[in-house]
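The values are calculated or read from the model by the stated rules, or taken from the named source; none is laboratory data. The structure displayed is predicted, hence computed values, not measured ones. Positions of Cβ are backbone-derived with ideal geometry, glycine not excepted, and every protein chain shown enters the neighbour counts.
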Amino acid sequence: MKKQVEFSDYQKLIFKEINSGTGNIAVIARAGVGKTFSLINSLKFVPPKKTIMLAAFNSSIAKELKDKCPDYVDCQTIHSFGFSAIKKRFGMDVKVVNSKMYFIYKDLVGQKNDLLDSLTEFTALCKSCLADIPSLIRDLIKKHNTNNGDWISPVKYFIKVKPQKLKLKLTKTKNYCHFCGRENQVTEIKMWMFPFVVTQDKFSNFYSQVKGNVFLCPRCALAGLAGYLTWLWIAQDKTVHFFLFYSDLKELQVFHKVVIEDSQISGGKGGNVKLSFYGPYLHETTMALLLKLFNYVEGQEEEDQISPEGRDLLARFLGAEEVVPVTPLTLYAVSGNISGHPPMQTFDMKSFQEFSRLHLLYKLYKGWKEKLVKADNPHKAIENIFRQFQVREGNQYNTLWRDKICWAVLEFNDPFPHIESFLFEGRAKEKPPSPLVWGTEEVFQYYAKEVLNVDENLLKILRRFGYSLGTKAEEKKDIGLLYALRNAKNVEEFLKILNDIQFRLEITIPEKLLELGQGERIAGTSWLRVKTLLSIFAMNSYLRALSGSKNEGGEEYEQSAE
């Protein structure tokens, strides 16, 4: 017995509208969910004495429909239906001109314009992938076909290529796209589509792990080009970082128009985006980019501020209304090194990272600004806090500590071991040594509370005691105690050093720090994290006292931290 088909509620609504509706109906659904199946079954619900025509995008789909439909249903392509209407109106001598787009553009841009071939190729490409947005086509042409015909930066920074025009040649037979897996007419991949996926036999001066030919359908070819022409990038020496965003595709196009393009500066060897700090590592540069975007939402005055439309869109993406956004924004970051000399330069990708919790990072950023409300410019203060984690080595700066701290924050991990290492191995050994910049303790104390769930009262005790400990250690010139505290390997050694501190510096140890609970935890926090936080507060206080700089929190904090 043939199993009876059970239609979904959505399908039943479609059939009802076809049978008794008085207007038009549009069905929007993803690939593979049963649109063609629903269309064929809807024929049973068409009122009697009605003529039926099914219009398909191309001839292969039209043939498939014709094979599945009754004889009384007319199945045509949209093109053939329109052509028959034209012939009916203007006569049977109407002919199709295969190169019509070329002649249309020729009338528009002139007889000898270099854009003619490119415009024609772009039209064919966009028709194949249903990219019917004129602004997208114009932007792609404008960005690729520069006046000198060369490739835009940063590709020409590390790949030597000759000026050329975009061309898309599709195979006559169908094949499977290596990216989306769909069967379609395909084209062999070229550098202008996906510059990081190119076979070595095609571009000997470009490094790739791809073996053999790679085929793309028209849609994926255009997607690669769109991403390639709209990325943000920045370079330092031989290191290049690329940044691409992803979300709902319709909103993403607007995002690139009103946010990314407004953020871009003229491409050169340094990049096409201006950041307050960056370096050879991926996470430090990513943090600087995100701080820039977060500041856009807050509407702070900057020389490269985006439009109100861009600010509103970015605010929705980042969940500025205290809720998880409907279409979250994802950031993809690629980092690598350039080696060799033209024309035999290669790009060696070192890191590829995805950042998908940008709305939570933005929430953190807003909390930081509230903590630094007394600053003239809280955003600049936050940038300075992250920028400071670098140490001069000769004529250059070592920013590895900054990258590790930014990595921990971006991944909602623990940054304090890296801050501790920076203070004891970096700042304390500088000449002259200097403390952390104003606001650092406030920002990371807030992070410890919100992200690592450290008890707020414990943080106050640690900061107060750390202030006293560092000040006394500098007064008695006993920095060795601070290093002994930092190097404690177990909880017994930690408690022993606290006892030494009490007698050598003549200060009282807070009872809370001596109350060891289950699992070697103090007030619900591991002894190791308590030790690390105390070391940071103490060494920073020591460096402040040594440099004679104004206390951060200082006596005023000591009075309030009960």
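Remarks
- Taking the listed residues K477, K429, K449, the one that is among the basic types (K, R) and under 13 Å from L533 (Cβ atoms) is K449, with no other qualifying.
- Residue within segment 423-442 that is of a type in the set (G, A, S), within 18 Å of Y365 (Cβ to Cβ) and either at pLDDT below 95 or surrounded by 19 or more Cβ atoms within 10 Å (Cβ to Cβ) (or both) present: yes
- Test for Y362: is it within 29 Å of V240 (Cβ to Cβ) and either surrounded by fewer than 20 Cβ atoms within 10 Å (Cβ to Cβ) or outside the structural domain of G279 (by TED's automatic domain parsing) (or both): no
- Taking the conditions (1) at pLDDT 85 or above; (2) farther than 30 Å from Q396 by Cβ in turn, K274 satisfies each one other than (2).
- Taken over segment 213-236, the residue count meeting the criterion of being within 20 Å of the chain's Cα centre (by Cα) and at pLDDT 80 or above is 5.
- In segment 493-513, the residue that is nearest to A538 (Cα to Cα) out of those that are in a helix (DSSP H, G or I) and touching a residue at least 24 places away in the same chain (Cβ under 8 Å) is I501.
- Hey, L291 touching an Asp or Glu at 6+ places or on another chain (Cβ under 7 Å), modelled with pLDDT of 80 or more and closer than 20 Å to C406 by Cβ or not: yes
- Filtered residues of segment 280-295 (kept if of a type outside the set (V, I, T) and more than 14 Å from I382 (Cα to Cα)): P280, Y281, L282, H283
- The residue that is nearest to S20 (Cα to Cα), counting only those in segment 41-56 that are surrounded by fewer than 12 Cβ atoms within 10 Å (Cβ to Cβ) and either hydroxyl-bearing (S, T, Y) or touching a helix residue (DSSP H, G or I) at 6+ places or on another chain (Cβ under 9 Å) (or both), is P47.
- Residues (more than 20 Å from E520 (Cβ to Cβ) and surrounded by 12 or more Cβ atoms within 10 Å (Cβ to Cβ)) located in segment 477-502: D478, I479, L481, L482, Y483, Q502
- Among residues of segment 15-54 being closer than 21 Å to Y72 by Cα and β-branched (V, I, T), the one that is modelled with the lowest pLDDT is T36.
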